[in-house]
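Every number here is computed from the coordinates shown, using simple stated rules; none is lab data. Quick caveat, the model's predicted, so the values are computed rather than measured. Here the Cβ positions follow ideal geometry from the backbone for every residue, glycine too, while neighbour counts run over all protein chains shown.
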């Protein structure tokens, strides 16, 4: 986790972002992650209709980026910051002459600054039609490309892909060798909820920062007899959502 201090002003009382986050994870992190591991991550797919609204962008400030990481392009502004608690889920598959764990989906709940559930996070087929995002993997049967997905309480959805590395930097940078990388992801499609919900439809970029945990284990996938083994690895991360500035 970053040691940078961030401030949130709740009811006129200033509290450090690190303190708020620590309290949040102490109260929900252990129970949530334990529940997901024991119950096959079923607990994080449900939303609570009465949950508080997401925090204002000013409540949560992204940390300084590490050297070599691509920033969010100019012309975009932060509109939502969240804390994510969940698992990175792997399956053991053949790889070259051996085997290796492959990520088959993240599964996480994203919380606002006050602890209310606001977004679920997973992989799903992109149903974007503008532009189309078809599935091109012959090993996958789906109506669209499998993309990283976020779904808000109002059922609005964004699909995204890893930012392509270039002169501006890399879309993925490892900050802590014990944790999944920090990421910049580009929006590839959005969809309103069935009743018109549009919380996430304005999203242009997503950052995954301040990660802990989530790496594939070093055991359970060493031979062909292990093919099909699964691993659900707890992780946390902060997710920041951006929209066009004007």
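Hey, what did region 197-244 get for relative contact order, percent, Cα under 8 Å, at least 6 apart?
Working: 56 pairs, mean separation 27.8, N = 48.
It comes to 58 percent, rounded to a whole number.
Between residue 195 and residue 161, 0.36 nm times their residue separation minus their Cα-Cα distance comes to what? Mind showing how you got there, number by number?
Details: separation 34, 0.36 × 34 = 12.24 nm, distance 2.62 nm.
Stretched fully, the residue 195-residue 161 segment lengthens by 9.6 nm.
For 129, 236, 212, what ranking results if the residue with the fewest other Cβ atoms within 10 Å of its Cβ goes first?
Working: 129 10, 236 23, 212 15.
With the fewest neighbours first, 129, 236, 212 line up as 129, 212, 236.
Enter the per residue convex hull volume of region 83-166, computed from alpha-carbon coordinates, in Å³ rounded to the nearest integer. Mind dumping the intermediate values first?
Values: hull volume 12.1 nm³, N = 84.
It is 145 Å³ per residue.
Work out how much length residue 139 to residue 77 would gain on full extension: take 0.36 nm times their residue separation and subtract the Cα-Cα distance, in nm to one decimal. Working shown, then result.
Numbers: separation 62, 0.36 × 62 = 22.32 nm, distance 3.75 nm.
Full extension of this stretch gives 18.6 nm more.
Calculate, in nm to one decimal, what residue 130 and residue 168 gain on full extension: separation in residues at 0.36 nm each, minus their alpha carbon distance.
11.1 nm
Using a 7 Å offset from Cα along Cα-Cβ at residue 97, what residues in region 208-246 end up with backbone N under 18 Å from the label point?
222-225
Please compute the contact order of region 73-148 in relative form: average sequence separation of alpha-carbon pairs under 8 Å and at least six residues apart, divided by the residue count, as a percent.
On the way: 116 pairs, mean separation 15.9, N = 76.
So the answer I get is 21 percent.
Under a plain spin-label model, where a point goes 7 Å from the Cα along Cα-to-Cβ, how far apart in nm are residue 176 and residue 246?
Result for the modelled spin labels: 3.9 nm.
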